[in-house]
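Take a look at the structure below.
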Amino acid sequence: QVGADLRISQTSGDDSAVTIDGVGSEITVTGATHVGNKGRGTLEITSGGMLTTDRVLAGRGTSGLQEGNILVDGTDSQLIANRLSLGGDELDVASGGLGNLTISSGGSVEIAHDLRVFAGTLSLIDGSLTADSMQMDSGSVFDFTGGTLNVDVFTGDLTQDGGLITIGNSPGVMTVDG
């Protein structure tokens, strides 16, 4: 268990990585997980690893030189959070650098509230992505080629090239705005 925050690449020009690999490998963060907020940061959750955190901020910094990359890959690999922001900060409504999230090979991302992509790419290749609301800002990319997307409210451009879209807590209503 990590205390208040987990910070990956918090120094300008830094290139840092954290890997949570294998069944039983778990990190719980009571505060925020920062990935690449001043440099280039990478978080990999693989082969059944798990991260539980309040918020995830990838590529949040304001100089535009930050990059945060997150991979959730493999059956039973999980990222669980209340909020996730790529390339900015949802709570401060501020854009930043570049944030990327890839979900593949049965990985699972569960966001209890808001998921927002300010700048970067969210790739759902194979696995599942669940969120109460999801917003894709102009210039961000949602590469949806497989897996399952389960959201209540989606804002932005949505091109489905594979996979399955489900509605929130079915039966229910999904709103697509964009």
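Structure notes:
- Length-normalised contact order of the chain in % [C-alpha pairs under 8 Å, at least 6 apart]: 13 percent
- Using θ = phi - 60° in the Karplus curve 6.51 cos²θ - 1.76 cosθ + 1.60, the 3J(HN,Hα) couplings for the range 33-38 round to 10, 9, 10, x, 8, 9 Hz; x is entered for Gly and Pro.
- Accessible-area order (highest first, 1.4 angstrom probe) of the listed residues V18, V23, V153: V23, V153, V18
- Given +1 at the Cβ of Lys and Arg, -1 at the Cβ of Asp and Glu and no other charges, the dipole of the chain around its Cα centre is 300 debye to the nearest 20.
- Accessible surface, 1.4 Å probe, highest first, among residues S95, S140: S95, S140
- What you get for the range 1-68, charging only the Cβ of Lys and Arg (+1) and of Asp and Glu (-1), is a dipole of about 220 debye around the Cα centre.
- Here the Kirkwood formula puts the hydrodynamic radius of the chain at 15.7 Å, using every distinct Cα pair.
- Once both labels are positioned 7 Å from their Cα atoms along Cα-to-Cβ, the gap between D5 and L91 label points is 1.0 nm.
- Only protein heavy atoms count here; under a 1.4 Å probe, L122 has an accessible surface of about 0 Å².
- In Å², nearest 10: area of R60 left accessible to a 1.4 Å probe: 80 Å²
- Within the range 28-109: Cβ-based charge dipole about Cα centre, in debye rounded to nearest 20 (Lys, Arg +1; Asp, Glu -1): 160 debye
- Taking every DSSP bridge with both residues inside the range 41-140, close to 5 percent are antiparallel.
- Extreme residue, positive dipole direction of the chain, given options I125, L164, M136 (C-beta unit charges): M136
- Accessible area per residue (1.4 Å probe, heavy atoms of protein chains only) ranks E26, E90 as E26, E90, with the largest value leading.
- Dipole of the range 1-94, positive end: most advanced residue of Q10, N69, T28 [Cβ charges, Cα centre]: Q10
- Residues of the range 122-137 with amide N under 15 Å of a point placed 7 Å along Cα→Cβ from V153: 131-137
The values are calculated or read from the model by the stated rules, or taken from the named source; none is laboratory data. Since this is a predicted model, take the numbers as computed values, not measurements. Counting neighbours? That spans all protein chains shown, and the Cβs are built from the backbone with ideal geometry, glycine included. Side chains are part of the model used for accessible areas, which takes the heavy atoms of the whole protein and leaves out ligands, DNA and RNA. Shrake-Rupley method; radii C 1.70, N 1.55, O 1.52, S 1.80 Å.
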